[in-house]
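J.: Mind having a look at this structure? Questions to follow.
The values are calculated or read from the model by the stated rules, or taken from the named source; none is laboratory data. As the structure is a computational prediction, the values presented were derived from the model and not from experiment. No Cβ is skipped: glycine too gets one built from the backbone with ideal geometry, and neighbour counts run over all protein chains shown.
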Amino acid sequence: MKSGIVALIGRPNVGKSTLLNHVLGQKVSITSPKPQTTRFNIQAVYEDDRGQIVFVDTPGIFAKTPDALSRRINPQAEHSLSGANLVVYLIDHTRERDTEENKALGIVRKTTIPKILVINKIDIKKPTHIVQYKFMEDEVDAVVQISALAGKNINRLMDTIFSFLPEGEQLVDTKTRTQPALNLDSKTFISEIIREKAFLFLRREVPYTLTVVVDEVTERNNGVLYMKARILTSADRYKAMIVGKGGVMIKEISMAARKELETATNKKVYVELTVETDPHWIEYA
Ligand SMILES: Nc1nc2c(ncn2[C@@H]2O[C@H](COP(=O)(O)OP(=O)(O)OP(=O)(O)O)[C@@H](O)[C@H]2O)c(=O)[nH]1
Ligand SMILES: [Mg+2]
């Protein structure tokens, strides 16, 4: 069998997490139209009769690190490459190549492991800046055009990935772990789903001022999964926006999270969500 660790690298919003979810056929990593959705490396195991792949989804590489949160999450992508067998470098042809892209390319160039360039979002024809990315094709071992969202050419990409992986042993014993084998505990998974909904509904900078902490997950006698969580945010003005007028925003976030968590667990879910101001959350998040 073949086996190896595959790092998904690229600037924010190129579709790394969308691709991972599509490959696994299950949501393991949250996605949103806003950059910096993924904040830490997420590992998930893919298996078929060809072998086993440990995918590492990474936070998007960005050029500027203006705040403590960005400074902390930026090195994660680079770190993921240290143990990887293969890098899948994603680009978004609908956006111009910029300093951020150059930084991502710089990180990819530094590694000597095989590289696959993945041109994502080919379901979008216009706008396209694909010519700006052409030169990259000479620097990589293979190029595959895909749509992670529409599921186009994913099989071709998987074939290409397997073709570069070495023969080896199973890296993760999936029998002893829940499917899909993930490096997240259930509280972290729940907090990620809630954070995703906050990213979707809140505007401008608000998503970057918050984190989610899950305090309790209990299955009640009536079969309902009770989840108690807090959104921590850095200032009172953000708290007011997260709560919303008459509590409409927080209600919307918890309702959307509940729906998705019910689908994921196949149980009735009750989410009790509150908001707290805590300017120091970044230090211990
Ligand atoms: N049209 C189109 N949209 C896509 C495709 N892949 C991803 N997207 C969208 O692009 C946005 C960003 O996707 P993510 O998967 O969150 O991107 P990411 O690279 O993980 O972003 P970060 O975690 O912030 O680094 C989401 O709104 C996705 O729905 C695609 O193939 N086609
Ligand atoms: Mg992501």
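J.: Among the candidates Val213, Val131, which residue alone is of a type in the set (Val, Ile, Thr), outside any loop (DSSP other than H, G, I, E, B) and either touching a helix residue (DSSP H, G or I) at 6+ places or on another chain (Cβ under 6 Å) or assigned by TED's automatic domain parsing to the domain that holds Pro279 (or both)?
T.: Val213
J.: For Met136, only one of the following conditions fails: (1) surrounded by fewer than 16 Cβ atoms within 10 Å (Cβ to Cβ); (2) touching a helix residue (DSSP H, G or I) at 6+ places or on another chain (Cβ under 8 Å). What is its number?
T.: Only one criterion is unmet by Met136, namely (1).
J.: Residue check: is Glu78 of a type in the set (D, E, K, R) and within 14 Å of Val6 (Cα to Cα)?
T.: Against the criterion (of a type in the set (D, E, K, R) and within 14 Å of Val6 (Cα to Cα)), Glu78 qualifies.
Residue-wise test of (1) assigned to a strand (DSSP E or B); (2) surrounded by 12 or more Cβ atoms within 10 Å (Cβ to Cβ); (3) out of contact with any strand residue (DSSP E or B) (no Cβ under 6 Å at 6 or more places or on another chain).
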| residue | (1), (2), (3) |
| --- | --- |
| Ile242 | no, yes, no |
| Gly246 | no, no, yes |
| Ala257 | no, yes, no |
| Glu272 | yes, yes, no |
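J.: Taking Glu192 and the conditions (1) surrounded by fewer than 16 Cβ atoms within 10 Å (Cβ to Cβ); (2) of a type in the set (D, E, K, R); (3) at pLDDT 95 or above, which numbered condition does it fall short on, given that it satisfies the others?
T.: (1)
J.: Is one or more of the residues making up segment 87-94 in the same structural domain as Ile154 (by TED's automatic domain parsing), free of Cβ contacts under 8 Å to residues at least 40 places away in the same chain and over 29 Å from Pro166 (Cα atoms)?
T.: Yes, segment 87-94 has at least one match.
J.: Can you tell me which of (1) crowded, with 23+ Cβ neighbours inside 10 Å; (2) within 14 Å of ligand 2 (Cβ to nearest atom) is the one Gln43 doesn't meet?
T.: Status for Gln43: all satisfied but (1).
J.: Next up: When Met227 is evaluated against the numbered criteria (1) part of a strand (DSSP E or B); (2) touching a Lys or Arg at 6+ places or on another chain (Cβ under 9 Å); (3) within 27 Å of Ala68 (Cβ to Cβ), which criterion, by number, is the only one it fails?
T.: (3)
J.: I'm checking my understanding of the structure. Among residues of segment 170-187 that are within 16 Å of Phe40 (Cβ to Cβ) and crowded, with 16+ Cβ neighbours inside 10 Å, which one is modelled with the highest pLDDT?
T.: Across segment 170-187, the extreme among qualifying residues is Lys187.
J.: Quick one: Ser80 ticks every box in (1) more than 14 Å from the chain's Cα centre (by Cα); (2) over 22 Å from Ala150 (Cα atoms) except a single one, so which number is it?
T.: Result: Ser80 fails condition (1) only.
J.: Please specify each residue of segment 30-51 satisfying the condition of being of a type in the set (Gly, Ala, Ser) and near ligand 1 (Cβ under 7 Å from one of its atoms).
T.: Scanning segment 30-51 gives a single hit, Ser32.
J.: While we're looking at this one, here's another question. Give the residues of segment 143-162 that are in a loop (DSSP other than H, G, I, E, B) and away from ligand 2 (no atom under 16 Å from the Cβ), sorted by residue number.
T.: Residues satisfying the conditions are Ala150, Gly151, Asn153.
J.: Moving on to the next point. Filtering segment 1-28 down to residues that are at pLDDT below 95 and within 12 Å of the chain's Cα centre (by Cα), which residue is surrounded by the fewest Cβ atoms within 10 Å (Cβ to Cβ)?
T.: Looking at residues that are at pLDDT below 95 and within 12 Å of the chain's Cα centre (by Cα), I get Lys27.
J.: Restricting attention to segment 5-29, report how many residues are under 16 Å from Asp48 (Cβ atoms), assigned to a loop (DSSP other than H, G, I, E, B) and in contact (Cβ under 8 Å) with a residue 60 or more places away in the chain.
T.: The qualifying residues number 1.
J.: Another question, if that's okay. Checking Gln36 against (1) surrounded by fewer than 23 Cβ atoms within 10 Å (Cβ to Cβ); (2) assigned to a loop (DSSP other than H, G, I, E, B); (3) at negative phi, only one condition comes out false. Which one?
T.: With (1) surrounded by fewer than 23 Cβ atoms within 10 Å (Cβ to Cβ); (2) assigned to a loop (DSSP other than H, G, I, E, B); (3) at negative phi applied to Gln36, the lone miss is (3).
J.: What tally of residues in segment 72-113 results from selecting those that are of a type in the set (Asp, Glu) and part of a loop (DSSP other than H, G, I, E, B)?
T.: So the count comes out to 2.
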